[in-house]
Structure formats: C-alpha cells, structure tokens
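Participant: For reference, the structure I am asking about is given below.
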Amino acid sequence: MPHIVFNKAELINTPSSKDGVDFKFIAKSYNFTSHQRNTEYKIAVKNENKDFLLTLKDKDDDQMIKIDKITRVAPITVVKDALNAYTDSIKPTIVFSNTHSIHQKAPPQKEFLKDINYFVDEFQTDKEIQIEVGFGSGRHLLHQAKNNPNIQFIGLEIHTPSIEQALKQMKMQDITNVLIVNYDARLFMEFIDSNKVGRIFVHFPVPWDKKPHRRIYSNEFINEALRVLKVEGTLELRTDSRKYFDYCTELLTNLPTGKITIDINKDLEISSKYEDRWKKQGKNIYDVVLLSHTEDKALVIEKDFTFDFEINYEEKISKLPTKSIVEKDFFVHIEDLFTILNEENSGLIQITMGNFDRPVSKYIIIRNGKLDYYQGSPLPTSSNIKAHKKLKEILN
Ligand SMILES: C[S@@+](CC[C@H](N)C(=O)[O-])C[C@H]1O[C@@H](n2cnc3c(N)ncnc32)[C@H](O)[C@@H]1O
C-alpha cells in the first residue's frame, strides 16, 4: 500500500495546488465512538480529474500519509502522485516512502468483462438473454454460446481465475456473444429488465450445507428469476447434492406460480468438470427446472440518492447513532465522523450500508449544511435505496 512516513510537520494549506494536484480541504476526526484515539485527517484531493481522499495520521513519533481505501482510484499512480505532491509541498524530513515507481501503462481493456455499473446504466439488447450462474470452468457457458449465436449470454462468477480462463477461451474460440460479470449472482438480477431471459442455468452450485444463507437459491432469488424470465423461460438447477435438491424443490413447489419438472441422471449435450467428477464416483445428478408462466411488470430502478434537506452538522454530530441499524434486508452503520477545518457546518460522515452480503462503504460530504455522496451515489440496489432512506431519517 503506497505511503510516506515523515517527521511531524504542519498541515498543507487548503485550497492549494502542487504539481497538478489540487488539495481541496482537510477534515479532522471527531471522537465519535467512546474509545479515544489519535487524531486522523482526511485530505481531499483532485488529480487527473479524479476526486479522492488521503489519510494522514500519527505513526509513533512521526506522521504517515497514505491512501484512503474507501475512495481509492485507479490507476494507483494517480494516488502515488498525490502523496508525493503532499510531501513536496510541505517539505518534511522523509523517513520512508514507497511511492516513487515507474509509471506503468494501464492494463488493456477487456471487452467482454463488464462492471456491474454497465448493467445499471448501459446494457441493452434486442436478443434473448440467457444467464449462467457460477460458470466455473466455463465449459457449459461457452458451449451454449457457440451453439446459440443469436442469444446474448451473461456469465456470472466470483472466482477471478475462472473469469480469466473463460475470457481467454472466448478469445481463442472467437466467441463474442457472452458478457462476463464478477458479481454475486444472488444480487445481479435486480438490474435486468423483466421478461427478457430465456434460460437461467445454475449448475452445481456450492451446497453450503453449514451456511445455508450463502446458497444461491432463496425465495428472493427465485422471485427475481421469475420476474426476468419470459413466459416459457426456465430456471434450471443441476446438482449432485441430494440435500440441495430437496431444499430447492421445496422452495419451488411452494410458489404461487410456475411449474417444476424433476429429472435424475439426465444427460446434457455437454458435461462440466464437476459433473465428470461426480459421474466417475457414481453419484446421482438431479435436475429441477422451473418454468415461468407469467408476464411480469416492467423493471423500474429507483436511483434517487439525493438528500432533499440541509442539516446543522455541529448539532447533529453528537446525536448520531454509534450502533448499526439492522433491518430485515439492509443495514446502516455510521463508522466515523470528520469536521472540515476552517469551514462552518461542513464535514464527512463515513458509512457502511446496504446488503449484508455486499455492503458498500462511502463518505457523505456536508458543505455548508448540504449533503451529498462523495464520489457519487452508491449502486442503486434495492438494499442501498432502503439504506439511503434510513440515512435520510437519521440525518434529518
Ligand atoms: C461447484 S462450482 C460449479 C462450476 C460450474 N457450474 C460447473 O458445473 O463446473 C460453483 C461455482 O459457483 C461460483 N459461485 C459461488 N457462489 C457464487 C455467487 N454468489 N455468485 C456467482 N458465482 C458464485 C464459484 O466461484 C464456483 O466457480
């Protein structure tokens, strides 16, 4: 992690500029929780058109300036240049630095690897969509893609080496109708339009016998699957785990809509790596297919993350809850508070919010009583929207 340690020195003046880096303001930690701690500063900078924070704090008898993890930007040289500009500006005696590196070229763009924001803001297709959850080796996903060139496939996976492998294979086999996303499949579908998906494959998901809350199948997942599926579209589970099969079958039989079909040891055109292993061991393989019957309402993604009121931060600061606020499907936790030096009614609130499985960390910036998310709004997931509404209640 890039950082510089130096003998204690005066803070940089703000606003100021050095070597093309703007130092906009400094925020000082406020003793929010009961445990005393050393003073910490957040220094707001802008470099190469990117806003982010640096952290300045004591380190033994010296001071250390480093990246603020929540607001880190890429490439890392943008942050390193800002750290160097800070010490070049105040000229302290430097004890340690690992910020001088050769500028590296940005890694090549991966055309078919998409960020989740792409699905929120840009993704559109006239083609039928098919989704594979946890594609692993990618054998089944790429086989399907090759044989169905008119379908737009989306492959979801959280294991980076599997993603790299699939992208490599796609290039070698010249497959262009697959988009790969590194995102939790349990949360992905809330950004997909209703009635667009022909098939959702969930082949050999991790059964999570000891941690059932981590399973892909849940009532929420099934409901989202039914919403995105076209009429006659299918959600297809294939598993070697009898327990998982029983668990899913029970969830699926209790639905008000949809029809299920069950098979044992059905042969598919292509067998995955896991399947080969289980077959060799003589295990049974179970299929449960849910067929969608209904046309669902169009998806409306709520994206309002504004704060439509102003606050008196100095007054509010002592009244904010130090404990997490936990509701059924979201939470909000105020982690830390900072006040901006030499500015009235201004500060930073560090928060963690949203879904328990995919929490997001952000800062809310307050300037002259007006609130906004620093570096832009959180991803508009339903849990982030609910958490934002709760934050508004807390802050208003
Ligand atoms: C047992 S492997 C099966 C892989 C492949 N479907 C096959 O049949 O060979 C399960 C895969 O699901 C992925 N996975 C687990 N949880 C996931 C989640 N929440 N979202 C997306 N992928 C997930 C894992 O990384 C792993 O590659």
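Participant: If I ask for residues that are more than 17 Å from H203 (Cα to Cα), within 15 Å of the ligand (Cβ to nearest atom) and part of a helix (DSSP H, G or I), which ones from region 151-187 would you list?
Facilitator: Selection gives T160, P161, E164, Q165, L167, Q169, L187.
Participant: Of the residues that sit in region 17-40 and are farther than 13 Å from T87 by Cα and of a type in the set (G, A, S), which one is surrounded by the most Cβ atoms within 10 Å (Cβ to Cβ)?
Facilitator: Result: A27.
Participant: Can you tell me which of E302, E393 is surrounded by fewer than 15 Cβ atoms within 10 Å (Cβ to Cβ) and touching a helix residue (DSSP H, G or I) at 6+ places or on another chain (Cβ under 8 Å)?
Facilitator: The unique qualifying residue is E302.
Participant: Looking at Q130, Q124, Q144, can you tell me which residue is open to solvent by 20 Å² or more (accessible area, probe 1.4 Å) and either within 11 Å of the ligand (Cβ to nearest atom) or at pLDDT 95 or above (or both)?
Facilitator: Unique residue meeting the criteria: Q144.
Participant: I would also like to ask the following. Are any of the residues in region 188-202 touching a residue at least 12 places away in the same chain (Cβ under 8 Å), among the hydrophobic types (A, V, I, L, M, F, W, C) and surrounded by fewer than 16 Cβ atoms within 10 Å (Cβ to Cβ)?
Facilitator: No: region 188-202 contains no residue that is touching a residue at least 12 places away in the same chain (Cβ under 8 Å), among the hydrophobic types (A, V, I, L, M, F, W, C) and surrounded by fewer than 16 Cβ atoms within 10 Å (Cβ to Cβ).
Participant: A further question follows. Go through region 335-362 and give me each residue that's in contact with a strand residue (DSSP E or B) (Cβ under 6 Å, 6 or more places away or on another chain) and closer than 30 Å to E224 by Cα.
Facilitator: Answer for region 335-362, where residues must be in contact with a strand residue (DSSP E or B) (Cβ under 6 Å, 6 or more places away or on another chain) and closer than 30 Å to E224 by Cα: I351, T352, M353, G354, P359, V360, S361, K362.
Okay, residues lined up against (1) open to solvent by less than 60 Å² (accessible area, probe 1.4 Å); (2) assigned to a helix (DSSP H, G or I):
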| site | (1), (2) |
| --- | --- |
| I222 | yes, yes |
| L237 | yes, no |
| K243 | no, yes |
| E250 | no, yes |
| I270 | yes, no |
| W278 | yes, yes |
| N284 | no, no |
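Participant: Same structure, new question: Please note which strands (runs of 3 or more DSSP E) are completely contained in region 1-85 and include at least 1 residues that are closer than 24 Å to K316 by Cα and among the small types (G, A, S).
Facilitator: Correct list: 21-30, 40-47.
Participant: Of all residues in region 194-227, how many are away from the ligand (no atom under 11 Å from the Cβ), within 22 Å of the chain's Cα centre (by Cα) and β-branched (V, I, T)?
Facilitator: 2
Participant: Out of the residues in region 252-261 that are in contact (Cβ under 8 Å) with a residue 24 or more places away in the chain and closer than 20 Å to R215 by Cα, state the one that is least open to solvent (accessible area, probe 1.4 Å).
Facilitator: In this case the residue turns out to be L252.
Participant: Going by the structure shown, is P256 in contact with a helix residue (DSSP H, G or I) (Cβ under 9 Å, 6 or more places away or on another chain) and farther than 29 Å from D121 by Cα?
Facilitator: no
Participant: Return the total of residues in region 368-389 being outside any loop (DSSP other than H, G, I, E, B) and surrounded by fewer than 16 Cβ atoms within 10 Å (Cβ to Cβ).
Facilitator: 3
Participant: S318 - would you say it is out of contact with any strand residue (DSSP E or B) (no Cβ under 8 Å at 6 or more places or on another chain), open to solvent by less than 30 Å² (accessible area, probe 1.4 Å) and more than 24 Å from V228 (Cα to Cα)?
Facilitator: Judged against the criteria, S318 is not a match.
Participant: For region 251-286: of the residues being out of contact with any Leu (no Cβ under 6 Å at 6 or more places or on another chain) and of a type in the set (K, R), which is nearest to the ligand (Cβ to nearest atom)?
Facilitator: For region 251-286, the residue satisfying everything is K273.
Participant: If you go through region 350-360 one residue at a time, do you hit one that is in contact (Cβ under 8 Å) with a residue 60 or more places away in the chain and in contact with a Phe, Trp or Tyr (Cβ under 7 Å, 6 or more places away or on another chain)?
Facilitator: Yes, there is a match, as at least one residue in region 350-360 is in contact (Cβ under 8 Å) with a residue 60 or more places away in the chain and in contact with a Phe, Trp or Tyr (Cβ under 7 Å, 6 or more places away or on another chain).
The values are calculated or read from the model by the stated rules, or taken from the named source; none is laboratory data. If you're wondering where the values come from, they're calculated on a predicted model, not measured in any experiment. Because the Cβ atoms are built from the backbone with ideal geometry, glycine has one as well, and the counts that use them run over all protein chains shown. These accessible areas exclude ligands, DNA and RNA; they are computed on the full protein's heavy atoms, side chains included. Shrake-Rupley method; radii C 1.70, N 1.55, O 1.52, S 1.80 Å.
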